[in-house]
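> I am attaching a structure below and will ask some questions about it afterwards.
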Amino acid sequence: MTAIDVKDLTKVYPRVRAVDRLTFSVRPGQVTGFLGPNGAGKSTTMRLVLGLDRPTSGTATIGGRPFTELDEPLRHVGALLDAQAPHGSRTARAHLLALAASNRIPDRRVDEVLEQTGIASVGSRRVKTFSLGMRQRLGVAAALLGDPEVLLLDEPSNGLDPEGIIWIRELMRGLAAENRTVLVSSHLMGETASFADHLIVLGKGRLLADTPTKDFIASRVKPRVRVRTTEPARLREVLLRHGHAPAESDDGRVLIENAEIDDIGLLAAGEGIVLLELAAEEATLEQAYLDLTSGETEFSAPAPAGPLPTTPTSISPPTSTPQEA
């Protein structure tokens, strides 16, 4: 079994303790999301696992060995840390061929990963002409080049268009289904919830959570039921009588915290109260994450002084940002 094992890992720089006695394992057969605010130590930890930096104390091993002791490491570990790393004057294919030669990987594998990542048609183009999304795909191709058992991906969805986001999500799931070890760092909570089976959450260099995704959400955010009725006062009286604490939302709906939809529906039916809407508001990974890390952020802005603007009914074209071609 090829796993990533981190034990008492610490990295201290002159002015900051970036990683503080971390201990966790990343197991094969599942996608592990690696979360934390800016400055939490995620990138430093990945660099320590990959031997790009030396720990102050503790160990980080892959399959029981430090990365620096692996022969032909691309055959064991694939990583995407910086999509801007490839030399801009090289073509995508030349970049991959150089990596392949350094680890005795056959040239045919270059063509395979170019096809797998959807950039075979631009393999002869220089990297400096690539959009951010194309560079991300090239970085993923490099990570897959040695057909490794372990993959570390830092913000792999960055710059991808919607089709690309779906592609990378399915790719990670597929790699985990092949019993590979997949560690993915991301700031996109909604996207992480769509692919991560397990979560490791850091805050100020310390381990805050190491748990299955579903358990993490359930432990941090209580369920809530939303109701709309023609008789809100009578419904409120019934709910209070049965130990619930209903609250009214701005749009007139009744909100019941820590309640199950079946229980509320049965109560209303038993009293003959007509419900126009009965819905469960499912907890999200973003809510659970913010609840856990609210005191762990290194940088935060003050809350807006006034109410946030409402979401417009029409969507304007986005401003120009680097996107996938």
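Conditions (1) β-branched (Val, Ile, Thr); (2) out of contact with any strand residue (DSSP E or B) (no Cβ under 6 Å at 6 or more places or on another chain), marked per residue:
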residue	(1), (2)
129	yes, yes
133	no, yes
136	no, yes
146	no, yes
153	no, no
166	yes, yes
176	no, no
180	no, yes
191	no, yes
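> Testing residue 288 on (1) aliphatic (A, V, I, L, M); (2) under 28 Å from residue 214 (Cα atoms); (3) at pLDDT 90 or above, one condition comes back false. Which one is that?
Unmet condition: (3).
> Need at least 2 residues that are touching a His at 6+ places or on another chain (Cβ under 8 Å) per element, so show me which strands (runs of 3 or more DSSP E) inside the stretch 17-90 make the cut, counting only ones lying wholly within it.
Numbers: elements: 30-35, 57-62, 77-80.
Those strands (runs of 3 or more DSSP E) span 30-35.
> Consider the stretch 291-304. How many of its residues are over 16 Å from the mean Cα position of the chain (by Cα), at pLDDT 80 or above and among the hydrophobic types (A, V, I, L, M, F, W, C)?
Of the residues in that region, 0 qualify.
> Report whether or not residue 67 is farther than 21 Å from residue 171 by Cα, within 21 Å of the chain's Cα centre (by Cα) and aromatic (Phe, Trp, Tyr). Steps first, please.
Numbers: farther than 21 Å from residue 171 by Cα: yes; within 21 Å of the chain's Cα centre (by Cα): no; aromatic (Phe, Trp, Tyr): yes.
When the stated conditions are applied, residue 67 does not pass them.
> Report yes if some residue within the stretch 97-109 is part of a helix (DSSP H, G or I), without any contact (Cβ under 8 Å) to a residue 24 or more places away in the chain, out of contact with any Cys (no Cβ under 7 Å at 6 or more places or on another chain) and among the polar types (S, T, N, Q); otherwise report no.
Going through the stretch 97-109, the residues part of a helix (DSSP H, G or I) turn out to be 97-102, 108-109.
Next cut, without any contact (Cβ under 8 Å) to a residue 24 or more places away in the chain only: 97-98, 101, 108.
Then drop every residue that is not out of contact with any Cys (no Cβ under 7 Å at 6 or more places or on another chain), which leaves 97-98, 101, 108.
Filter once more, keeping what is among the polar types (S, T, N, Q): none.
Checked the stretch 97-109: no residue is part of a helix (DSSP H, G or I), without any contact (Cβ under 8 Å) to a residue 24 or more places away in the chain, out of contact with any Cys (no Cβ under 7 Å at 6 or more places or on another chain) and among the polar types (S, T, N, Q).
> Of the residues 79, 83, only one is touching an Asp or Glu at 6+ places or on another chain (Cβ under 9 Å), modelled with pLDDT of 95 or more and surrounded by 14 or more Cβ atoms within 10 Å (Cβ to Cβ); which?
Working: 83 fails: modelled with pLDDT of 95 or more.
Answer to the check: 79.
> Spot the failing condition for residue 89; the list is (1) surrounded by fewer than 20 Cβ atoms within 10 Å (Cβ to Cβ); (2) in contact with an Asp or Glu (Cβ under 7 Å, 6 or more places away or on another chain), and only one is missed.
That leaves (2) as the condition not met.
> Here's a follow-up. Only one of 62, 119 is within 20 Å of residue 2 (Cβ to Cβ) and of a type outside the set (Phe, Trp, Tyr). Can you tell me which?
It is 62.
> For the stretch 48-57, does any single residue satisfy the condition of being buried (at least 22 other Cβ atoms within 10 Å of the Cβ), within 19 Å of the chain's Cα centre (by Cα) and assigned by TED's automatic domain parsing to the domain that holds residue 199?
yes
> Pairs, please: C-beta under 7 Å, at least 6 apart or cross-chain, first residue touching a residue at least 40 places away in the same chain (Cβ under 8 Å) and in the stretch 216-239, second of a type in the set (Asp, Glu) and part of a helix (DSSP H, G or I)?
What qualifies is 220/291; 221/291.
The values are calculated or read from the model by the stated rules, or taken from the named source; none is laboratory data. No experiment lies behind these values; they were computed from the predicted model shown. Neighbour counts run over all protein chains shown; Cβ positions are idealised from the backbone, glycine included.
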